[in-house]
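Notes for the one structure printed next.
The values are calculated or read from the model by the stated rules, or taken from the named source; none is laboratory data. Keep in mind that this is a model prediction, so the values were computed, not measured. Note that we place each Cβ from the backbone using ideal geometry, even for glycine, and neighbour counts take in every protein chain shown.
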Amino acid sequence: MSTTAATTPPRAHNRLGRRVRLLVLLAGALAFLFPFYYMVVGSLRATTTGALSSAVPADVTGGNYAAINGAISLGRSLLNSGIMTGGVLLCTLVFGLLTGYALAQLHFRGRGTVFATLLLVQMIPFQLLMLPLYVLVVRDYGLGDNYLGMILPFAINSTAVFLFRQFFLQMPASLFEAARIDGAGELTILTRIAVPMARPALLSGVLLTFIGPWNEFLWPFLVTKNADMQPLAVSLAGFLSNLQGTVSNPTGALMAGACVLAAPAVALFLLFQRHFTSTDIDSGTKG
Amino acid sequence: MNLLQAKAPARRGTSRIGALFVTPYVVFVLAVFAVPLVYTVWISFHRFYFTAPGADADTPWVGLDNYRAVFTDPVVGQAFLNILVFLVINVPLTVGLSLVLASALNAKLPFRSFFRAAYYVPYVTASVALVAVWQFLFGGSGLVNNLLGDLAPDPSWLVNSTLAMPVIAFFVTWKQLGFFVMLYLAALQNVGRELYEAASVDGAGRIRQFFSVTVPGVRPATTLVVIYAVITGANLFSEPYLLTGGGGPDHASASPVLLMYQKGIEQGHPDFAAALGVVLVAFVLAVSLLARRLTERGN
């Protein structure tokens, strides 16, 4: 008996099952995407209200984007978000790949301890460390309103390190052995052989690392008091809580800011979706 | 293959370079996790004030005074109760919905990648952006109230002391669901086809199969969902701070981390906040262990 015959019930039953399945999925997808639709439409309307008619794109304008730009200087906020995220990405790629490779393919004393720490660190909620980190970074090191202070707590993303390790672990050790016999140093092996082979893991690592600092609110909110240093999530939240009176269509301006904040992460995700599969999550959570 | 196996090809002569490679990460973990963790405990047992950089101030040992203050503060009790409300709504909803959606996705069907993307998009989007939309949807004159008409709650969702916390729990469930759908989707790959076949031969219908094969088959993932939910609840900050205007009304949606921020940084009592943080870690550990016991029973 073939497996397909065993898993495929009678045709009529199957067709009904598929319809129910599609209906459930479609209802879910609508519930998930509607707020995004509402956000985009709201950002484009000259007057944005909670009325039902506001869900229809009418009298489309770019005025809300200009308004939010005037209220929180969008360019500067985006630049700050970019610097913070870029710093985290760079550190995670450089130091995370080194750590992941060493944990997977090198033998050294304390490797077990480092790996146990890697698992443990992912379980510690960052917010719980907010207060001592604030005291240390802002008060003791004087890194308030400073990019270094914003980047520091996120500098090396442990989940990405774990992902890199899992990927390097799956590569045949004989490949690295051969390179060693040919006299290649570990750094050369890492950059010339391991990293090029790990490109899919690298992409999901980048995506995973990107959304953290880009979307982060609490830490940069604590560290930046100067509006010129605030990343977009912080300046938008500031607008949400107390600047709405400064523009004529505050909800529209807020939705425009939300679109700008959401766009890079969503675009990156959609672009690399194919590479970011359930297997990553699988390997990322087997611990 | 067990991905967690500690064995990797050992080779003499590479030992020093391996240690060198992990040094930056170890320094990072010490600076960002270990030192702050110890520092919190230290602060929690002392009288501690913020001082100007470089200035020295007395930090006398006060024993359990800060903890006494934390435990006798009614707002702290309220915040932990709020987290329990959050968990009671968030956990069953997350487990139920993501398991149903993952099972539906775990088959050959049209638009599969569209559905997966649709569920995942809120997860990758910034809370601040989504909170803005939800405030717009659930505000006093928002779309939801306009649709409900006379059925709209009074006072409205976000300023209603009974509804504020449930709205936050629903928001977080919606935002995180895609992640758990993917998690369950991965877990479903490990449930053997032959189990479904055996159940089918025994005459079990689809629904029976779901409860007798799927649900027990993904139990480790369920434990993980519960633990993630507890950690998310313990971390809750942006949602009560932004969605319900600083944890209102009357602390009905306040969270422990929000109180840590308000007491520690806004009102200048970092020692109180540190003690609250230690209590929160203990709470997370206790609930996580309990969750593990409950969901893995019978395994």
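For B:Thr295, are the conditions met, namely being of a type in the set (S, T, N, Q), touching a helix residue (DSSP H, G or I) at 6+ places or on another chain (Cβ under 7 Å), more than 10 Å from chain A (Cβ to nearest Cβ) and closer than 27 Å to B:Val131 by Cβ?
no
Answer yes or no as to whether B:Val62 is β-branched (Val, Ile, Thr), modelled with pLDDT of 85 or more and within 30 Å of the chain's Cα centre (by Cα).
no
Can you list the helices (runs of 4 or more DSSP H) lying wholly within the range B:105-220 that have 2 or more residues being buried (at least 23 other Cβ atoms within 10 Å of the Cβ), of a type in the set (A, V, I, L, M, F, W, C) and touching a residue at least 60 places away in the same chain (Cβ under 8 Å)?
B:127-138, B:164-188
Among the candidates A:Thr99, A:Thr92, single out the residue that is facing chain B (nearest Cβ under 8 Å), among the β-branched types (Val, Ile, Thr) and in contact (Cβ under 8 Å) with a residue 40 or more places away in the chain.
A:Thr99
I'm told B:Phe86 meets every condition in (1) within 30 Å of A:Ala267 (Cα to Cα); (2) in contact (Cβ under 8 Å) with a residue 12 or more places away in the chain except one. Can you identify the failing condition by its number?
Evaluating B:Phe86 over (1) within 30 Å of A:Ala267 (Cα to Cα); (2) in contact (Cβ under 8 Å) with a residue 12 or more places away in the chain leaves (1) as the failure.
Based on what the data block shows, is B:Phe33 under 18 Å from A:Arg139 (Cα atoms) and not β-branched (Val, Ile, Thr)?
Taking the combined requirement at face value, the residue satisfies it.
Within the range A:11-46, can you find the residues that are of a type in the set (Ser, Thr, Tyr), more than 7 Å from chain B (Cβ to nearest Cβ) and crowded, with 16+ Cβ neighbours inside 10 Å?
Of everything in the range A:11-46, just one residue is of a type in the set (Ser, Thr, Tyr), more than 7 Å from chain B (Cβ to nearest Cβ) and crowded, with 16+ Cβ neighbours inside 10 Å, namely A:Ser43.
Within 13 Å of another protein chain (Cβ to nearest Cβ) and not in a helix (DSSP H, G or I): is that true of A:Ile124 in this structure?
Against the criterion (within 13 Å of another protein chain (Cβ to nearest Cβ) and not in a helix (DSSP H, G or I)), A:Ile124 qualifies.
Within the range B:128-149, is even one residue among the polar types (S, T, N, Q), closer than 29 Å to A:Pro264 by Cα and out of contact with any Leu (no Cβ under 9 Å at 6 or more places or on another chain)?
No, the range B:128-149 contains no residue that is among the polar types (S, T, N, Q), closer than 29 Å to A:Pro264 by Cα and out of contact with any Leu (no Cβ under 9 Å at 6 or more places or on another chain).
Within the range B:224-232, identify whether any single residue is touching a residue at least 12 places away in the same chain (Cβ under 8 Å) and of a type in the set (Phe, Trp, Tyr), and answer yes or no.
Yes, the range B:224-232 has at least one match.
Can you tell me which condition B:Thr59 does not meet? The list is (1) of a type outside the set (A, V, I, L, M, F, W, C); (2) under 15 Å from B:Met260 (Cα atoms); (3) within 14 Å of another protein chain (Cβ to nearest Cβ), and all the others hold.
Single failed check for B:Thr59: (2).
Need the failing condition index for B:Thr23 against (1) at pLDDT 95 or above; (2) crowded, with 22+ Cβ neighbours inside 10 Å, just the number.
Every condition holds for B:Thr23 apart from (2).
Report, by residue number, each residue of the range B:267-281 that is more than 15 Å from the chain's Cα centre (by Cα) and outside any loop (DSSP other than H, G, I, E, B).
B:Pro270, B:Asp271, B:Phe272, B:Ala273, B:Ala274, B:Ala275, B:Leu276, B:Gly277, B:Val278, B:Val279, listed by residue number.
Among the residues of the range B:246-266 satisfying the criterion of being assigned to a loop (DSSP other than H, G, I, E, B) and touching a helix residue (DSSP H, G or I) at 6+ places or on another chain (Cβ under 6 Å), which is nearest to B:Thr162 (Cα to Cα)?
Per the stated criteria, the residue is B:Ala252.
Looking at the range B:51-91, which of its residues are of a type in the set (D, E, K, R) and loosely packed, with under 13 Cβ neighbours inside 10 Å?
Scanning the range B:51-91 gives B:Asp56, B:Asp58, B:Arg68.
Output the residues belonging to the range B:224-250 that are more than 11 Å from chain A (Cβ to nearest Cβ), more than 12 Å from the chain's Cα centre (by Cα) and buried (at least 19 other Cβ atoms within 10 Å of the Cβ).
Selection gives B:Pro240, B:Thr244, B:Gly247.
Just checking, which of B:Leu158, B:Leu183, B:Leu188 is more than 11 Å from chain A (Cβ to nearest Cβ) and either more than 12 Å from the chain's Cα centre (by Cα) or of a type in the set (D, E, K, R) (or both)?
Just a single option satisfies the conditions, and that option is B:Leu158.
Of the residues B:Ala198, B:Ala164, B:Ala254, B:Ala221, which single one is over 29 Å from B:Val144 (Cβ atoms), under 22 Å from the mean Cα position of the chain (by Cα) and among the small types (Gly, Ala, Ser)?
B:Ala221
Having 1 or more residues that are out of contact with any Phe, Trp or Tyr (no Cβ under 6 Å at 6 or more places or on another chain) and closer than 25 Å to B:Val32 by Cβ is the bar; report the helices (runs of 4 or more DSSP H) wholly within the range A:128-231 that clear it.
Of the helices (runs of 4 or more DSSP H) lying wholly inside the range A:128-231, those with at least 1 residues that are out of contact with any Phe, Trp or Tyr (no Cβ under 6 Å at 6 or more places or on another chain) and closer than 25 Å to B:Val32 by Cβ span A:130-134, A:147-151, A:158-169, A:199-215, A:218-223.
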